[in-house]
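> Please read through the structure below; I'll follow up with questions.
The values are calculated or read from the model by the stated rules, or taken from the named source; none is laboratory data. In this text, all values refer to a predicted model and were calculated from it rather than measured experimentally. FYI the Cβ positions are ideal-geometry reconstructions off the backbone, even for glycines, and counts take in every protein chain you see. What goes into the accessible areas is simple: the full protein's heavy atoms, side chains included, and nothing from ligands, DNA or RNA. Shrake-Rupley method; radii C 1.70, N 1.55, O 1.52, S 1.80 Å.
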Amino acid sequence: IRTVRKNLLAHGLDEVISYSLLTEPQAVAFTHTPKPAIKLAWPMTQDHAYLRQSLISGLWLDLQYNLAHRQNDVAIFEQGNVFQTVDNQNQPKEVPMVAALWSGQVKPTSWLTKTRQYDFYDAKGEVVNLLTVLGVADQVQFVADDTIAQLHPGRTAKIILADQVIGFVGEIHPN
């Protein structure tokens, strides 16, 4: 966890902490295999009644806040737990995850570099770098994917390690 955090901070991302409680549509968004939303028995508000199944919804809300305050160039990440239902158990399972989000323009590395918009390959490059630091990059495959409705179908890939989907990388759907 520390290695991932240090690496993302070193690459210019800012760490954020988002709410674990969201609305029902937000709680199940950005997941490969959405499961029924986990509702609290006694929620304090309707906007914070469901446990998140992905960290991306929180990052998306953070981006919306930044854009509303005219901060268009955003590079953020979060490390935290998501919640999954487990068959035959009353309590959800907490699973540690990491997620990152980029928006706007890439900061130039020198005065010779032109500015450009972040794209799919910036995100994929950061994932490959992180997997290299963790020592598993040569064991990972990226497979094109179109199962997540909120992501661009031509610019999304599943990240597969040992025949198991461990994550995804993609661009937000243009709609």
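Yes/no matrix, rows are residues, columns are (1) open to solvent by less than 60 Å² (accessible area, probe 1.4 Å); (2) touching an Asp or Glu at 6+ places or on another chain (Cβ under 9 Å); (3) closer than 18 Å to Ile172 by Cβ:
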{"residue": "Leu21", "(1), (2), (3)": "yes, yes, no"}
{"residue": "Pro25", "(1), (2), (3)": "no, no, yes"}
{"residue": "Val28", "(1), (2), (3)": "yes, no, yes"}
{"residue": "Pro36", "(1), (2), (3)": "no, no, no"}
{"residue": "Ala41", "(1), (2), (3)": "no, no, no"}
{"residue": "Ser54", "(1), (2), (3)": "yes, no, yes"}
{"residue": "Trp60", "(1), (2), (3)": "no, no, yes"}
{"residue": "Gln105", "(1), (2), (3)": "no, yes, yes"}
{"residue": "Leu112", "(1), (2), (3)": "no, no, no"}
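> Could I ask something else about it? Tell me, which residue of the stretch 48-101 that is small (Gly, Ala, Ser) and in contact with a Pro (Cβ under 8 Å, 6 or more places away or on another chain) is nearest to Lys158 (Cα to Cα)?
So the residue we want is Gly80.
> For the stretch 141-157, name all the residues that are open to solvent by less than 70 Å² (accessible area, probe 1.4 Å) and within 16 Å of His32 (Cβ to Cβ).
Those that are open to solvent by less than 70 Å² (accessible area, probe 1.4 Å) and within 16 Å of His32 (Cβ to Cβ): Phe142, Val143, Asp145, Ile148, Gln150, Leu151, His152, Thr156, Ala157.
> It is to be established whether one or more residues within the stretch 125-133 are open to solvent by 50 Å² or more (accessible area, probe 1.4 Å), free of Cβ contacts under 8 Å to residues at least 60 places away in the same chain and more than 28 Å from Gly154 (Cα to Cα).
No.
> Identify, please: which residue in the stretch 118-149 is among the β-branched types (Val, Ile, Thr) and outside any loop (DSSP other than H, G, I, E, B) and is, among those, nearest to Ser54 (Cα to Cα)?
Going through the qualifying residues, I end up with Val127.
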